[in-house]
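Novice: Below is the structure I would like to discuss, written out as structure tokens.
Readers should treat all values here as calculations from the given coordinates under stated rules, not as data from a laboratory. Everything numeric here is computed off the predicted structure, so don't read it as measured data. A quick note on method: Cβ atoms are made from the backbone with ideal geometry, for glycine too, and the neighbour counts reach across all protein chains shown.
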Amino acid sequence: MAELRIEYDGRVPADQLKDSMDKATRRVRATMKALAQQAADEILTRGREDIQRAGRYGSDWTSGLHAKVEQFSADEVIVEVTHSKPYFNFLMTGGAIQGRPLLWIPTANIDEHIPASEYPGRLVRSTSKKGYPLLIDPNIESSSGTGWGHGEVMYTGFPSITMPQKFHTLDVIREAARNMKSKYKVTYSTSA
């Protein structure tokens, strides 16, 4: 019986094809991981710039943004974007905050991180000329003109407030994802 066998460079073509496919697969996976890292770096850089542009957000806000590349399987690479501040997501979208029954917003006379319930002094409730509930420290003489008779206004009460969108991190993430497609060919050709 006659036998036909094809060899190229002393190897069977099926073995060469398998080797070529394995090499191409490794190259595609390396490209995916490199692109994911590029996207993570872009998200961090542009996201932190966006937070700085929003104003009144210090270094704990910019350094709190994290983008981490994780490879869950050979074919699944994910860029996980997180923030250390739990209410960061709210500032990315904006929205309304409802009081229970009121939100006590600190005035410029107090550190904004001290809730009215934890204020170290005595607070007296009053009402402004416009009808807003006020919490006043009667032991501080009004120096800024915001005092209500004797004392300094420390908090103003609102039934709800609407916060505008402060950060555009989702837009940055979407753009980084769109850019991955155009960067693929360049990254693939350099990963040989």
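Novice: Select from Ala176, Ala34, Ala14 the residue whose mean-square fluctuation is largest in a Gaussian network model of the chain (Cα-Cα springs shorter than 10 Å).
Specialist: Of Ala176, Ala34, Ala14, the Gaussian network model singles out Ala14 as fluctuating most.
Novice: Here is a follow-up. Multiplying the sequence separation of Glu141 and Ile114 by 0.36 nm and subtracting their Cα-Cα distance, what value in nm do you get?
Specialist: Separation in residues times 0.36 nm, less the Cα-Cα distance, equals 7.7 nm.
Novice: Continuing with the same structure: Using 0.36 nm per residue, how much length does the chain from Asp22 to Lys183 gain when fully extended, once their Cα-Cα distance is taken away?
Specialist: Length difference between fully extended and current span is 55.7 nm.
Novice: Sticking with this one: As a test of the formula, what do you get for the chain when each DSSP H run with n ≥ 4 contributes -39,500 (n - 2.57) and the sum is divided by the residue count, at 222 nm and rounded to the nearest 500 deg cm²/dmol?
Specialist: -13000 deg cm²/dmol
Novice: I want to check the label-to-label distance for Arg174 and Arg29. Put each point 7 Å from Cα in the C-beta direction and report it in nm to one decimal.
Specialist: For Arg174 paired with Arg29, the spin-label model returns 3.3 nm.
Novice: Most mobile of Val153, Val81, Val172 per a Gaussian network model of the chain (Cα springs, under 10 Å)?
Specialist: Result: Val153 has the largest fluctuation of those listed.
Novice: Most fluctuating residue of Asp15, Asp60, Asp137 in a GNM of the chain with Cα springs under 10 Å: which is it?
Specialist: Of Asp15, Asp60, Asp137, the Gaussian network model singles out Asp15 as fluctuating most.
Novice: Any idea what the relative contact order of the chain is, in percent, if you count C-alpha pairs under 8 Å spaced at least 6 apart?
Specialist: Relative contact order of the chain: 24 percent.
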